[in-house]
Amino acid sequence: MTRLFERIREAASLTDEETAMLAEVRNLANGRFAERAVDLDESEMFPWENIRDLNALELNRMFIPAEYGGIGLSYMCYLLTVKEISRACASTGIIWATNYHASAPVIEFGGTNLKDRVLPRMAEGGIAALAITEESGGSDATSMRTRFTDHGDQVEVDGSKVFITSGDVADFIVVFGKWLGLGDTSAAISAVVIEKATAGLTVTGKEQKLGHRASSTVSLRFDHCFVPRANLLGAPGQGMEVLFAALNRSRPSVAAQALGIAEAAFEEACSYANTRFAFGQPLIGFQATQIALADLASRLALTERWLVHVAGLVDSGLQDLVTEASILKLAAADLAMDTADRALQLHGGYGYVRGERVERLFRDAKLTQIWEGTNEIQRLQIARAFRSPKGERSLQW
Ligand SMILES: Cc1cc2nc3c(=O)[nH]c(=O)nc-3n(C[C@H](O)[C@H](O)[C@H](O)COP(=O)(O)OP(=O)(O)OC[C@H]3O[C@@H](n4cnc5c(N)ncnc54)[C@H](O)[C@@H]3O)c2cc1C
């Protein structure tokens, strides 16, 4: 077997501590998570046992700074961990990845008082959610209607959100809305943290989904929900900055999730192609199969290498990486869908049956093209980098 993917992993500069932690995660994922994945998918039960296992490895501490009880490992290590978890159980992958998506804005834009209250809980193994999407539109985030009203040392939150991952089990939720008095444009968008059991916060519905069935996706309502002003992230009207900083970190993480699913599907495709016989030879003996696998292997290798590149940029402190992050999310999500589709097709009728890993991977892959900005929105974002505002012929790339 080729060392192609192993060599790409080796190119990711990890410390000894990170390499050891990743090996533990891989063991856990390939063992207990893989064993539980079928039942979790079938039952749609929240994967509490997996969460306890992640917490036994103290994985949340990875992305929390040391002064709040964390160990602050690299973003590279975080992405590779998301990939390993998602290979085995995409539902657990999305939940753990979302813990980071919601913690990062608090770390970057929260005041000391808020960090003191929220981050140690996360380091101990809490669950967090990030709430942007509303019924009025997910892609068009500026159409959001949730309102924040200034009451001096308190902020009142009124409105609703849809499709919020872990919204029903989260210890805290980062909520985006418009600051009353700042108008109705993106300049009014702000972000606050709402903690669990805050009066006025209710879960109004839970989705039944095609894939990622063990992760909960819920609708939320905020009715005169009062939070301390210290829960405001940045200043009123700074929400778009908070949002883009969050997306620059969460989109590569969705790509890592997609790559985990793509790797698993590729593994299944290769294994089946080598062992299933038709017309007197294994499926891999047919050139059509060889070409399909070669195309997928090439895309997997290049996308994995790009993930290592983007993670390196984040770890170097670069903030302005909207284009790089969108390219990664787009490429990885399309690859996950194409690989899962190809792997299912190779399995023939057996791939279409509940309980087969490729069937679950096919359903899980689809979400990566939709959430955290659809792939159409990623394409628009990428194209924006190449538009000249004044119509000049040459651009500096
Ligand atoms: C399982 C799941 C988990 C989720 N978790 C979260 C979460 O934790 N937090 C959160 O805030 N949100 C979450 N979401 C919401 C998700 O991010 C949105 O569903 C997504 O951004 C798309 O928004 P929408 O569903 O309103 O679709 P719309 O925005 O209505 O888009 C519909 C279609 O139109 C296309 N489209 C829209 N605008 C354009 C355009 N300008 N050009 C071309 N095509 C366009 C889209 O690509 C899409 O294909 C989750 C969704 C799901 C399904």
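Please work out which one of (1) among the polar types (S, T, N, Q); (2) modelled with pLDDT of 95 or more; (3) within 12 Å of the ligand (Cβ to nearest atom) is the condition Asn113 fails and give its number.
(3)
Looking at segment 169-195, which of its residues are open to solvent by 10 Å² or more (accessible area, probe 1.4 Å) and more than 16 Å from the ligand (Cβ to nearest atom)?
Here is the first cut: in segment 169-195, the residues open to solvent by 10 Å² or more (accessible area, probe 1.4 Å) are 169, 171, 179-187, 195.
The answer is Trp179, Leu180, Gly181, Leu182, Gly183, Asp184, Thr185, Ala187, Glu195.
How many residues, within segment 1-17, are in contact (Cβ under 8 Å) with a residue 12 or more places away in the chain and closer than 18 Å to Arg87 by Cβ?
Of all residues in segment 1-17, those in contact (Cβ under 8 Å) with a residue 12 or more places away in the chain come to 4-5, 8-9, 11-15, 17.
With the extra rule that they be closer than 18 Å to Arg87 by Cβ, the set shrinks to 4-5, 8-9, 12, 14.
Here the count works out to 6.
Tell me the residue from Leu259, Leu201 that is of a type in the set (A, V, I, L, M), open to solvent by less than 50 Å² (accessible area, probe 1.4 Å) and more than 16 Å from the ligand (Cβ to nearest atom), please.
Details: Leu201 fails: more than 16 Å from the ligand (Cβ to nearest atom).
The conditions single out Leu259.
Leu318 versus (1) within 16 Å of the ligand (Cβ to nearest atom); (2) surrounded by fewer than 17 Cβ atoms within 10 Å (Cβ to Cβ); (3) of a type in the set (A, V, I, L, M, F, W, C): which is the lone unmet condition?
Condition (1) is where Leu318 drops out.
Quick grid of which residues meet (1) in contact with a helix residue (DSSP H, G or I) (Cβ under 7 Å, 6 or more places away or on another chain); (2) open to solvent by 20 Å² or more (accessible area, probe 1.4 Å):
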residue: Val322; (1), (2): yes, yes
residue: Ala325; (1), (2): yes, no
residue: Leu346; (1), (2): yes, yes
residue: Glu356; (1), (2): yes, yes
residue: Leu367; (1), (2): no, yes
residue: Ile370; (1), (2): no, yes
residue: Ile377; (1), (2): no, yes
residue: Pro389; (1), (2): no, yes
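Being free of Cβ contacts under 8 Å to residues at least 60 places away in the same chain and either among the hydroxyl-bearing types (Ser, Thr, Tyr) or more than 16 Å from the ligand (Cβ to nearest atom) (or both) is the filter here; which residues of segment 349-388 pass it?
Gly349, Tyr350, Gly351, Tyr352, Val353, Glu356, Glu359, Phe386, Ser388
Which is in contact with a Ser or Thr (Cβ under 6 Å, 6 or more places away or on another chain), in a helix (DSSP H, G or I) and surrounded by 19 or more Cβ atoms within 10 Å (Cβ to Cβ), of Asn50, Asn60?
Numbers: Asn60 fails: in contact with a Ser or Thr (Cβ under 6 Å, 6 or more places away or on another chain).
The match here is Asn50.
Considering Ser91, Ser139, Ser166, Ser143, which residue is among the polar types (S, T, N, Q), in contact (Cβ under 8 Å) with a residue 24 or more places away in the chain, within 11 Å of the ligand (Cβ to nearest atom) and surrounded by fewer than 17 Cβ atoms within 10 Å (Cβ to Cβ)?
Every option except Ser139 fails the conditions.
The values are calculated or read from the model by the stated rules, or taken from the named source; none is laboratory data. What you see is a predicted model, and the numbers here were worked out from it, not measured in a lab. Cβ atoms come from the backbone with ideal geometry, glycine included; neighbour counts cover every protein chain shown. With ligands, DNA and RNA removed, areas are computed over all heavy atoms of the protein, side chains included. Shrake-Rupley method; radii C 1.70, N 1.55, O 1.52, S 1.80 Å.
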